[in-house]
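Down below is the structure, laid out as structure tokens.
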Amino acid sequence: MRRGGILWLLAGFLLLSGCSYINSGREEAALGSDIMIERETQIETEAGPTMPWLPPEETTIAPLDLPELPTETHTVNPEIVIAADLHYLSKELTDFGDAFMQAASNRDGQMVFYGWEITEAFLDQVIKRRPQVLILAGDLTLNGAKASHETLAQQLRRVKDAGIPVAVIPGNHDINNPQAVSYRADEVIPAEPTSPRQFANIYDEFGYGDALSRDGSSLSYVYQMTDGTWLVMLDSCQYEEAVQVGGMIGTDTYQWLEEQLEEAWAQGRQVLVVAHHNLMDESRIYEKDCTIEHAEQLEEILDRWGAGLFLSGHLHVQHYKTSEDYDIDEIVTSALSVFPCQYGVLQFFGSDHYFYWTEKTDVSAWAERRNNPDRNLQDFEWYADEFLQDTFYKRAVGELQGKELTQDEIRDMAELYAILNVQAVAGNAYEVRDYVMGSPSYEQWKQLDRTSLLAMYMEEVLEDGTIDYNKRSRP
């Protein structure tokens, strides 16, 4: 397998993992670093064939010309850091036994095995860059266990202690989740889930306690940043009766939202809106459970009050889109728990003047600073690349088995599918687009169009993947 080559992420089915509830019988977990040396050998023996990567040079996009950060100590750092879909699990919920190993190995490519290390490395980078706020846009935990929220809040406290405010909102995994579990030996044991009231109490220091206004019908609130911008942290989740994957804004919350936007307008405040679910149909194939229900109503309200930038997660794909009907941009930040474990950095001066780009969490540098002997952590990019190649390759092979194809054809088609969709999730499909479309295996995939969900998704990615979704700016 390659070292340091294309970043193998999940696309179609990883997207489903972000936009759908935990698959039946497939609970999630994470694994300690000392155990993963053994897992490393298993990955190497089970992984699929090496995938070629030949992106044409002419597709290279020049780096975004970003302004220099202010150096005066009295000047507010304009940076905002946003991360989504941490899927954190408290270590007290697992003994790293068989049940945990099986669940963690079937998590559709999320880096469950090293969730703790990824989170710590990410928070270290946040503290180092000292943004004016850290935003966590939902799916904070793996399965909504109260213990996981409490442990994550302890981690976030060191960010606050460094003088950096943190603002969080829930995702569809976080509240009233019936699949909150712990792992002991070969047993999966129910764990205490988290109620809406408990969520707000646990994260009182991270947005809720300092809110200018809180919605009485949801966990939405308004938080004022250091530069005076109002963050509208919009709770798009449905969990009152039975937790659901999809997002929706209730009537009472719409009324509260309009009141906040009107007040911001009256005060001349810039407004930045954040939700877990997507405002727009970022994927035509995976609209269900990803886009907020009746989102056109939300778009109209935001446009009316000049709230022209919307940040979200949930999709597990790096993407952005401009509304067809209104002057609104949406930027979707990919999952921190999925390689390349990246997060968004935003310099926001208003809806018509902002700069956004992504940066990777450097887990290997974190391991080196701590003299961690785990080989997987020391060369994390290689380990994660191999792990996700294996997962994604097997997913495509499973789709193609049983069709009238030879084993060589299945292997080549699975490789091509992985090349395209891995890059799409990272927001870089443009790099391999020409290579994929020129491959003989692509013609075989085209023959499966309308009979294969993966083939349909490939066509959408090829149509959509003409730009770098890791950079966005206005003007």
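Over all orientations, the stretch 396-454 has a Cα convex hull whose mean projected area works out to 3.9 square nanometres.
The alpha carbon radius of gyration of the stretch 334-475, expressed as a multiple of 2.2 N^0.38 Å, is 1.26. Neighbours of D186, meaning other residues whose beta-carbon lies under 12 angstrom from its beta-carbon, give a summed charge of -2 when Lys and Arg score +1 and Asp and Glu score -1. If you wrap the Cα atoms of the stretch 136-200 in a convex hull and average its projected area over all directions, you get 4.6 nm². Mind grabbing the base-10 log of I(q)/I(0) for the stretch 96-205 at q = 0.16, 0.19, 0.22 Å⁻¹? Debye formula, identical points on the C-alpha positions, no solvent, two decimal places. At q = 0.16, 0.19, 0.22 Å⁻¹ the computed log10 ratios are -0.78, -1.04, -1.26. Compared with the direct C-alpha span, the chain from E368 to Y254 gains 36.2 nm at full extension, assuming 0.36 nm per residue.
Packing, as the average of other Cβ atoms within 10 Å across residues, places the peptides 253-262, 377-386 in the order 377-386, 253-262, highest first. Note that the stretch 167-235, at 25 °C in a medium of 0.890 mPa s, gets a Stokes-Einstein diffusion coefficient of 182 µm²/s from its Kirkwood radius over C-alpha pairs. Over all pairs of different C-alpha atoms, the stretch 77-134 has a mean inverse distance whose reciprocal, the Kirkwood radius, equals 13.2 Å. For the peptides 428-435, 353-360, 459-466, the ranking by mean Cβ contacts within 10 Å, running from highest to lowest, is 428-435, 353-360, 459-466. Solvent-accessible surface of the stretch 107-179, taken per residue with a 1.4 Å probe and all protein chains present: 22 Å². The D210 and E241 beta-carbon pair, evaluated with R₀ = 30 Å, returns a calculated FRET efficiency of approximately 0.50. Remark: for residue pairs K288/K360; K128/K160; K321/K471, the C-alpha separation exceeds 19 Å in K288/K360.
Length gained on full extension, S217 to S452, computed as 0.36 nm times the residue gap minus the Cα-Cα distance: 80.5 nm. When each of the peptides 176-189, 117-130 is scored by the mean number of other C-beta atoms lying within 10 Å of its residues, the order from highest to lowest reads 117-130, 176-189. Per residue, the stretch 402-475 exposes 43 Å² of solvent-accessible protein surface, assessed with a 1.4 angstrom probe and all protein chains in place.
Taking 0.36 nm per residue of separation and subtracting the Cα-Cα distance, full extension of the segment from E150 to K394 would add 84.3 nm.
Considering only protein heavy atoms and a probe of 1.4 Å, how much of the accessible area of the stretch 363-475 is carbon and sulfur, as a whole percent? Whole-percent figure for carbon plus sulfur exposure: 45. Which FRET efficiency, nearest 0.05, do I467 and F349 yield, Cβ-Cβ r, R0 25 Å? With a Förster radius of 25 Å, E is 0.65. Which value, in nm² and rounded to one decimal, describes the direction-averaged projected area of the C-alpha convex hull of the stretch 191-347? Averaging across all directions leaves 10.2 nm² for the Cα convex hull. For the stretch 362-416, trypsin sites (Lys or Arg not before Pro) meeting the loop criterion (DSSP other than H, G, I, E, B) and having at most 14 other Cβ atoms within 10 Å: R370, K403. Simple spin-label estimate for K403 and D95 gives 4.5 nm between the two label positions (7 Å along the Cα-to-Cβ direction from each Cα). Probing with 1.4 Å while keeping every protein chain in the model, the per residue accessible area of the stretch 258-353 equals 34 Å². Take the solvent-accessible surface of the protein heavy atoms, probe 1.4 Å, and return the percent of it on the stretch 203-283 that carbon and sulfur atoms account for. After summing per-atom areas, the C and S share lands at 38 percent.
Around the Cα centre of the stretch 255-339, unit charges on the Cβ atoms of Lys, Arg, Asp and Glu (plus for the first two, minus for the last two) sum to a dipole of about 420 debye. Electrostatic tally near D215: other residues with Cβ closer than 12 Å to its Cβ, Lys and Arg +1, Asp and Glu -1, net -3. Dividing the convex hull volume of the alpha-carbon atoms in the stretch 288-376 by its residue count gives 113 Å³ per residue.
Spin-label model, R304 to D327: label points 7 Å out along the Cα-to-beta-carbon direction sit 1.7 nm apart.
The values are calculated or read from the model by the stated rules, or taken from the named source; none is laboratory data. Bear in mind that the values here come from a model prediction, so they are computed numbers and not experimental data. We place every Cβ from the backbone using ideal geometry, glycine too, and count neighbours over all the protein chains shown. Please note that ligands, DNA and RNA were not included when accessible areas were found on the heavy atoms of the full protein model with its side chains. Shrake-Rupley method; radii C 1.70, N 1.55, O 1.52, S 1.80 Å.
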